[in-house]
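A.B. asks: Here it is, the structure, as structure tokens.
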Amino acid sequence: MPEKATQQRVEKDRREGKAPSTQAGEFVREEIEHVREGKHGARSSRQAIAIGLSKARRAGVELPPPREGTVSRRTRRQAVRDARPVPAPSRAGGHARRFAALTREGRAAASRNALSRQGRTAAARRTKQSRSAAARRAAATRKRRKA
């Protein structure tokens with residue numbers, strides 16, 4: 001269950017018209033913090049990010065599922081399922097079992113080093129044009145914020 005503060009930040013982002021990926025970033029940030037605090041571990045940075053995105057979809061962020069061929073079929077199907085509006089699940093059963101595996105994992109997945117490595121490998125998978133366009137958009141945003 002996402003923390004109340006996270007949900008409020010996401011709601012604020014939504015009202016301000018920010019992109020779904022920006023809204024989902026709040027959930028990813030929360031998940032990284034959970035791993036750092038030792039609430040549970042993660043096998044990799046990528047897993048921690050995936051858990052955050054899953055929470056975002058379940059909370060109603062309009063995040064599309066990953067494109068076919070980029071992740072396993074099972075992961076994509078789960079993302080589609082997460083995006084469907086459903087009534088809140090009962091917390092009575094299964095909650096502890098679901099996270100039991102994560103408690104046995106390490107905390108290194110949320111280290112600065114691991115997250116930096118994940119960011120670099122993710123960027124390397126993009127085309128040069130795509131990275132360049134993103135950099136131009138970021139520069140334009142910085143320019144607007146400065147003014």
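The values are calculated or read from the model by the stated rules, or taken from the named source; none is laboratory data. This one's a predicted model, so the numbers in the text were calculated from it and none came from an experiment. We place every Cβ from the backbone using ideal geometry, glycine too, and count neighbours over all the protein chains shown.
A.B. asks: Please return the ranges of helices (runs of 4 or more DSSP H) entirely within region 50-126 where 1 or more residues are closer than 25 Å to Arg9 by Cβ and modelled with pLDDT of 90 or more.
C.D. replies: 73-83, 112-124
A.B. asks: All but one of (1) surrounded by fewer than 10 Cβ atoms within 10 Å (Cβ to Cβ); (2) under 19 Å from Lys18 (Cβ atoms) hold for Arg112; which doesn't?
C.D. replies: So the condition that Arg112 fails would be (2).
A.B. asks: Counting only residues that are surrounded by fewer than 18 Cβ atoms within 10 Å (Cβ to Cβ) and among the hydrophobic types (A, V, I, L, M, F, W, C), how many does region 28-79 have?
C.D. replies: So the count comes out to 1.
Condition check ((1) without any contact (Cβ under 8 Å) to a residue 24 or more places away in the chain; (2) more than 13 Å from the chain's Cα centre (by Cα)) across all residues:
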position: Met1; (1), (2): no, yes
position: Lys4; (1), (2): yes, yes
position: Gln8; (1), (2): yes, yes
position: Asp13; (1), (2): yes, yes
position: Glu16; (1), (2): yes, yes
position: Ile32; (1), (2): no, no
position: Gly41; (1), (2): no, yes
position: Gln47; (1), (2): no, no
